[in-house]
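I have placed the structure first, in the form of C-alpha coordinates, so that the comments after it can refer back to it.
The values are calculated or read from the model by the stated rules, or taken from the named source; none is laboratory data. Bear in mind the structure is a predicted one, so any value in this text is a computation, not a measurement. Cβ sites come from the backbone with ideal geometry, for glycine too, and all protein chains shown count toward neighbours. Only protein heavy atoms, including side chains, enter the accessible area calculation; ligands, DNA and RNA are left aside. Shrake-Rupley method; radii C 1.70, N 1.55, O 1.52, S 1.80 Å.
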Amino acid sequence: QVQLVESGEGSVQAGGSLRLSCAASGSIFSVNTMGWYRQTPGNERELVARAPTKGTSTYADFAKGRFTISKDNAKNTVYLQMNSLRPEDTAVYYCRAYLRVRATMTWAEVWGQGTQVTVSS
(Lines give C-alpha, C1' and ligand atoms only; values in the text may rest on other atoms or scores of the structure.)
Protein backbone atom coordinates (compact mmCIF):
# COMPACT_ATOMS: atom_id res chain seq x y z
CA GLN A 1 0.00 0.00 0.00
CA VAL A 2 2.83 2.38 0.85
CA GLN A 3 6.39 2.23 -0.33
CA LEU A 4 9.55 4.25 0.11
CA VAL A 5 11.90 4.52 -2.84
CA GLU A 6 15.44 5.62 -2.09
CA SER A 7 18.03 6.96 -4.48
CA GLY A 8 21.48 8.48 -4.30
CA GLU A 9 23.56 5.40 -3.61
CA GLY A 10 27.21 5.90 -4.30
CA SER A 11 30.88 5.73 -3.50
CA VAL A 12 32.99 8.77 -2.71
CA GLN A 13 36.36 9.56 -1.28
CA ALA A 14 36.75 10.95 2.19
CA GLY A 15 35.78 14.59 2.29
CA GLY A 16 33.28 14.18 -0.53
CA SER A 17 29.53 14.64 -0.58
CA LEU A 18 26.46 12.62 -1.42
CA ARG A 19 22.78 13.39 -1.47
CA LEU A 20 20.21 10.73 -0.70
CA SER A 21 16.54 11.01 -1.60
CA CYS A 22 13.53 9.06 -0.42
CA ALA A 23 10.04 9.39 -1.82
CA ALA A 24 6.97 7.92 -0.18
CA SER A 25 4.12 6.86 -2.41
CA GLY A 26 0.90 4.91 -2.24
CA SER A 27 -2.09 5.13 0.02
CA ILE A 28 -0.89 7.98 2.23
CA PHE A 29 -3.23 10.17 4.26
CA SER A 30 -0.59 12.08 6.16
CA VAL A 31 3.05 11.85 7.15
CA ASN A 32 4.21 12.50 10.69
CA THR A 33 7.95 12.00 10.36
CA MET A 34 10.51 10.96 7.76
CA GLY A 35 14.09 10.21 8.52
CA TRP A 36 17.29 8.35 7.80
CA TYR A 37 18.96 5.55 9.67
CA ARG A 38 22.10 3.58 8.89
CA GLN A 39 23.44 0.15 9.61
CA THR A 40 26.79 -1.59 9.30
CA PRO A 41 27.36 -5.37 9.47
CA GLY A 42 27.04 -6.69 12.98
CA ASN A 43 25.62 -3.46 14.35
CA GLU A 44 22.17 -2.20 15.12
CA ARG A 45 20.45 0.30 12.91
CA GLU A 46 21.06 3.81 14.23
CA LEU A 47 19.40 7.14 13.72
CA VAL A 48 21.13 9.60 11.41
CA ALA A 49 18.51 12.35 11.26
CA ARG A 50 14.76 12.74 11.24
CA ALA A 51 12.45 15.51 10.14
CA PRO A 52 8.92 15.85 11.47
CA THR A 53 6.29 17.45 9.29
CA LYS A 54 5.98 20.06 12.01
CA GLY A 55 8.82 20.91 14.33
CA THR A 56 12.57 20.77 14.46
CA SER A 57 14.73 18.13 12.85
CA THR A 58 17.01 16.07 15.04
CA TYR A 59 20.45 14.70 14.28
CA ALA A 60 22.76 12.08 15.69
CA ASP A 61 25.90 13.60 17.16
CA PHE A 62 28.05 12.23 14.33
CA ALA A 63 25.80 13.92 11.77
CA LYS A 64 25.68 17.39 13.32
CA GLY A 65 27.50 19.96 11.25
CA ARG A 66 28.06 17.60 8.32
CA PHE A 67 24.64 16.23 7.33
CA THR A 68 21.48 18.16 6.56
CA ILE A 69 18.03 16.66 6.36
CA SER A 70 15.31 18.41 4.43
CA LYS A 71 11.78 17.49 3.51
CA ASP A 72 9.36 18.38 0.77
CA ASN A 73 6.03 17.82 2.50
CA ALA A 74 4.04 18.29 -0.70
CA LYS A 75 5.96 15.46 -2.36
CA ASN A 76 6.36 13.28 0.73
CA THR A 77 10.06 13.26 -0.02
CA VAL A 78 13.00 13.52 2.35
CA TYR A 79 16.59 14.30 1.44
CA LEU A 80 19.86 13.81 3.25
CA GLN A 81 22.75 15.98 2.15
CA MET A 82 25.98 14.47 3.47
CA ASN A 83 29.15 16.55 3.38
CA SER A 84 32.65 15.95 4.67
CA LEU A 85 32.09 12.23 4.49
CA ARG A 86 34.37 9.92 6.44
CA PRO A 87 35.19 6.24 5.94
CA GLU A 88 33.24 5.48 9.11
CA ASP A 89 30.11 6.81 7.40
CA THR A 90 30.20 3.75 5.17
CA ALA A 91 26.93 1.92 5.76
CA VAL A 92 23.58 0.99 4.32
CA TYR A 93 21.30 3.97 4.76
CA TYR A 94 17.60 3.37 5.28
CA CYS A 95 14.74 5.78 4.90
CA ARG A 96 11.92 5.53 7.44
CA ALA A 97 8.51 7.13 7.48
CA TYR A 98 5.84 7.19 10.15
CA LEU A 99 2.61 7.89 8.38
CA ARG A 100 -1.12 7.38 8.30
CA VAL A 101 -2.33 4.96 5.66
CA ARG A 102 -5.32 6.32 3.78
CA ALA A 103 -6.95 2.98 3.13
CA THR A 104 -7.12 2.01 6.80
CA MET A 105 -6.57 5.36 8.56
CA THR A 106 -4.05 3.64 10.79
CA TRP A 107 -0.52 4.76 11.60
CA ALA A 108 2.31 2.69 10.20
CA GLU A 109 6.07 2.60 10.20
CA VAL A 110 7.49 2.03 6.73
CA TRP A 111 11.11 1.40 5.74
CA GLY A 112 12.90 1.75 2.44
CA GLN A 113 15.00 -0.99 0.92
CA GLY A 114 18.30 0.60 1.90
CA THR A 115 20.97 2.27 -0.16
CA GLN A 116 24.70 1.68 0.11
CA VAL A 117 27.04 4.55 0.88
CA THR A 118 30.76 3.79 0.65
CA VAL A 119 33.43 6.28 1.66
CA SER A 120 37.02 5.41 0.87
CA SER A 121 40.05 6.88 2.54
per DSSP, antiparallel bridges as share of beta bridges in the chain, % nearest 5, sits at 90 percent
So what's the net charge close to V117: Lys and Arg +1, Asp and Glu -1, counting the other residues with Cβ under 10 Å from its Cβ?
-1
Using r as the Cβ-Cβ distance of N32 and E9, and R0 as 25 Å, what FRET efficiency do you calculate, to the nearest 0.05?
0.45
How large, in percent, is the carbon and sulfur part of the accessible surface of segment 34-110 at a probe radius of 1.4 Å?
46 percent
For segment 43-105, what is the Kirkwood estimate of the hydrodynamic radius, computed as the reciprocal of the mean inverse distance between distinct Cα atoms, to one decimal in Å?
13.3 Å
In debye to the nearest 20, how big a dipole does segment 1-105 give about its Cα centre with +1 on each Lys and Arg Cβ and -1 on each Asp and Glu Cβ?
400 debye
Rounded to two decimals, what is Rg over Rh for segment 1-63 when you use alpha-carbon atoms and the Kirkwood radius?
1.00
Please tell me the relative contact order of segment 60-121 in percent, rounded to the nearest whole number, where contacts are Cα pairs under 8 Å and at least six residues apart.
29 percent
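Leaving out ligands and nucleic acids, note down the accessible area per residue over the chain with a 1.4 angstrom probe, in whole Å².
52 Å²
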Dividing the convex hull volume of the alpha carbon atoms of the chain by its residue count, what do you get in Å³ per residue?
94 Å³
